[in-house]
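The values are calculated or read from the model by the stated rules, or taken from the named source; none is laboratory data. Since we're looking at a predicted model, the values are computed, not measured. Cβ atoms come from the backbone with ideal geometry, glycine included; neighbour counts cover every protein chain shown. These area figures cover heavy atoms from the full protein model, side chains too; ligands, DNA and RNA do not enter into them. Shrake-Rupley method; radii C 1.70, N 1.55, O 1.52, S 1.80 Å.
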Amino acid sequence: ITKRLQMEEQLNQHRDRLENLVQERTAELEKSHLTLKSVIEGTDAPVFLKDKNSRYLIVNTACAKAMGMPVKKILGKNDIEIFGPEYGKSLMDIDKKVVKSKTARALEETTPGKDGPVHWHTLKNPWS
């Protein structure tokens, strides 16, 4: 029984150590997230980040305003879902070309907006 109690105590110590590490890492991630959010929200320029399927992962308030919809309605969607097939497919094709080229590209793009066409000067930069 003593051996078993010792093992349980060691297990508890390991668990406590792991829980502390998880709490520390979570705090670091939250700080990093808040820093990133303050940077992208601290600019009047539209800022967005998409995944490899052109789904929006990050959108700042300026970008959402230019797109004419709340951030929550943009996140997780791709350009076809947001702008329709006519504009969306073209934007997604450009995204694919940029990712394949592994080179940043400055582009002029047009999307539909609630008050007419919105003209974008975008810098698309592939990331992994």
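Give me the percent of the accessible area of the stretch 33-107 that comes from carbon and sulfur atoms, probe 1.4 Å, all protein chains in place. C and S fraction of accessible area: 59 percent. Solvent-accessible surface of the chain, taken per residue with a 1.4 Å probe and all protein chains present: 76 Å².
GNM remark for the chain: springs join alpha carbons under 10 Å apart, and the peak mean-square fluctuation among 65, 100, 77 falls on 100.
In the assembled protein chains, residue 30 presents an accessible area of approximately 110 Å² (probe radius 1.4 Å). Per-residue ellipticity at 222 nm, computed for the chain from helices alone with -39500 (n - 2.57) per DSSP H run of at least four residues, works out to -18500 deg cm²/dmol. For helix 85-101, report the angle its Cα long axis makes with the longest principal axis of the Cα atoms of the chain; keep it between 0 and 90° and round to the nearest 10°. Roughly 60 degrees, rounded to the nearest 10.
Selection among 83, 38, 118 by position relative to the dipole of the chain gives 83 as farthest towards the positive end (Cβ unit charges, Cα centre).
When the surface is traced with a 1.4 Å probe over the full set of protein chains, residue 79 keeps roughly 0 Å² accessible. Comparing 42, 88, 116 in a Gaussian network model of the chain, where Cα atoms under 10 Å apart are tied by springs, the biggest mean-square fluctuation is seen for 116.
Dipole size of the chain about its Cα centre, with +1 on Lys/Arg Cβ and -1 on Asp/Glu Cβ: approximately 380 debye, rounded to the nearest 20.
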